[in-house]
Amino acid sequence: MIKYDAIIIGAGFSGIYQLHSLRDKLNLNTLLIESGDDLGGTWYWNRYPGARCDSESYTYNFTFSKEIFENWSWPERYSKQDVILKYLNYVAEQLSLKKDMLFSNKVITAHFNDKNNLWNVKTNKGKNFICKYLISAVGCLSSANIPKINGLDKFKGKWYHTGKWPHSGVDFRNKRVAQIGVGSTGIQLAPEIAKSAKKLSIFQRSANFSIPARNEIVNDKYKENIKVNYQTIKNLIKSTPTGHAFHFSSQSALDVSDEERKKTYENGWQKGGLGFRGLFKDLTTNLEANKTVVNFIKEKVKSTLHNKDYAKVVTNFNYPFATRRPTLNTNYYETFNKDNVELIDISTDSIQEITKSGIKTKKNYYEFDVIVFATGYDAITGALLSIDITGKNNIKLKKLWKNGPLTYLGLQVPGFPNFFTITGPGSPSVLTNVPMAIEQHVEFITDCISYMETNNLGTIETNNKDSLKWRETIDNAVNETLIPESKSSWLYGGNIDGKAKVFMPYPSGLPTYKKICDDIVLKNYEGFNFTKN
Ligand code: NA7
């Protein structure tokens, strides 16, 4: 059995930076294990037409290396999946990382051995390893949610989940296509399918808010400007709560005249992008303020759709704006004006079963050649819990997290020594521009391991008390916002039957989170216990 100092699971943004940090900064013998045939994580799997990042491209990259930042140019305001994948390959090449990555191996078990304080790691290809440190870099949105609808196994056509898209692509020409789901993914996907499909039927369960992306190809001057402003950009995106390059306004939506408010929303709408939710300080904390933005969005969307019934359905919002992760779109609402597109409201006409040739709802029957599930993920905990992770005294992660995840800072789990999670539950993760959260976590973990190696320490482990306190910190903070108005969202585990309904990410923003982590380090890693080698 081969022994490593550290094993990392997953080759997305997190795994790539963590491998570089442990191997090249700390000189640790490190292996990264990845289930895909190549690196990229979410950007390796999500190859559906229209797949694109909602963060502005110059912010959705690593900032740890000035050289890497300056030697790469993003061609568009928002990057397409294949371009991000190219970027990650470029980073891996610059740092010679692939030689320490083991592909096409899914970690199936990771057991902590109390006798020697080492982790035993096994893959589905029968490979066994031992390591001192085990780091999860499995991502928050990588365990596909394929709804359990009766009859899917009988369907004679083809079906796909967007998060496991075939590398060869899907030809929609002359096909009758069903798309189930209108989250960020579905909203990006529908306009692309509608370009070639004979017919596209979009099944909507909940109306989703979407802001225009206003994507564009950027010119050389823009690109140059990004490069020369490396430090300014880095400072900015490390200082905002969301890790994006926009600030939240300090003004309340209720303190301005109707006319001024409308002008602000209109400017934001024309500008496009995620900054829209920061136009007033209280859009996510005050229901009255929130209603003003909901009414604006309703009007905008309704004026885009020609079919008034469809317009009503896509604006039938049943939760406040931005209480779920906001989505961006390019021509999504315009897509409903095409002759080959129909909208099916399954909140009133629910899906009963899939037959060999189509989908039966309560009131209707539709025939299809292809079904696309844009139904999201078993988010934040799904990928981790798909591995049998067993800590001290044979404690199973699945059992410990039965009633919701328990972590300290989203970085460690009580009872699981030397096991770290990057963007685990309890981290700011999906509520931020994720690479910014990742950089913070990787740097924290690397510094912590460096501290242990320098001080001849054998294990680090958090405890129940501080983890429960962290859980309480998260609950209290989220309850100050409007987010609890949307408990059916994946942020609460609400999209998965049987999953504990607990709010998972840390909601108070990256700088606050980082300050807490830094203070903990200054207090000799308060909340963590170490043992000697
Ligand atoms: P999301 O945001 O979870 O969206 C999933 C969509 O699928 C949403 O419209 C769901 O409706 C719908 N859905 C889920 N299950 C079903 C069933 N059983 N029947 C009908 N409709 C269903 O996933 P995405 O992939 O779009 O986005 C996830 C993140 O990835 C996103 O934040 C980006 O950062 C990238 P619901 O709203 O639950 O009624």
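The values are calculated or read from the model by the stated rules, or taken from the named source; none is laboratory data. The structure presented is a predicted model; accordingly, all values stated were derived computationally and were not measured. Please note: Cβ atoms are built from the backbone with ideal geometry, for glycine as well, and neighbour counts cover all protein chains shown. Quick note on the areas: whole protein, heavy atoms, side chains included, nothing else; ligands and nucleic acids left out. Shrake-Rupley method; radii C 1.70, N 1.55, O 1.52, S 1.80 Å.
Below, the figures for the structure above:
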| read-out | value |
| --- | --- |
| Using a Förster distance of 22 Å, the FRET efficiency for residue 457-residue 516 (Cβ separation, nearest 0.05) | 0.50 |
| Estimated inter-spin distance, residue 239 and residue 164, nm [label 7 Å along Cα→Cβ] | 4.5 |
| In Å², nearest 10: area of residue 365 left accessible to a 1.4 Å probe | 100 |
| Loop-located trypsin sites (Lys or Arg not before Pro) in the stretch 100-139, at most 13 other Cβ atoms within 10 Å (DSSP) | 115, 125 |
| Cut-off 19 Å (backbone N to label point 7 Å along Cα→Cβ of residue 103), residues of the stretch 34-68 | 34-48 |
| Inter-probe distance in nm under a simple model that places probes 7 Å from Cα toward Cβ, at residue 270 and residue 217 | 2.5 |
| Exposed-loop-free span, longest in the chain, where GluC sites (Glu not before Pro) count as exposed if DSSP calls them loop and at most 15 other C-beta atoms lie within 10 Å | 217-479 |
| Pairwise centroid distance, computed over Cα atoms, of the stretch 351-404 with the stretch 248-274, Å | 38 |
| FRET efficiency, residue 291 to residue 479 (Cβ-Cβ, R0 25 Å, nearest 0.05) | 0.80 |
| Label-point separation, residue 469 to residue 64 (7 Å along Cα→Cβ), nm | 2.9 |
| Solvent-accessible area per residue for the chain (1.4 angstrom probe, square angstrom) | 43 |
| The stretch 383-426, accessible surface, carbon-and-sulfur percent (1.4 angstrom probe) | 50 |
| Relative contact order computed over the chain (Cα-Cα under 8 Å; 6+ residues apart), in percent | 19 |
| Contact order normalised by residue count of the stretch 267-420, Cα under 8 Å, 6+ apart, percent | 11 |
| Share of carbon and sulfur in the accessible heavy-atom surface of the stretch 202-290 [1.4 Å probe, %] | 48 |
| FRET efficiency, residue 251 to residue 230 (Cβ-Cβ, R0 51 Å, nearest 0.05) | 0.95 |
| Full-stretch length increase - residue 96, residue 1 - with 0.36 nm per residue and alpha-carbon distance subtracted | 31.7 nm |
| Gain on full stretching of the segment that runs from residue 300 to residue 532 - 0.36 nm per residue minus C-alpha separation | 77.3 nm |
| Globularity ratio of the stretch 1-63, using Cα Rg and 2.2 N^0.38 Å | 1.33 |
| Kirkwood Rh (inverse of mean 1/r, distinct Cα pairs), the chain, angstrom | 24.2 |
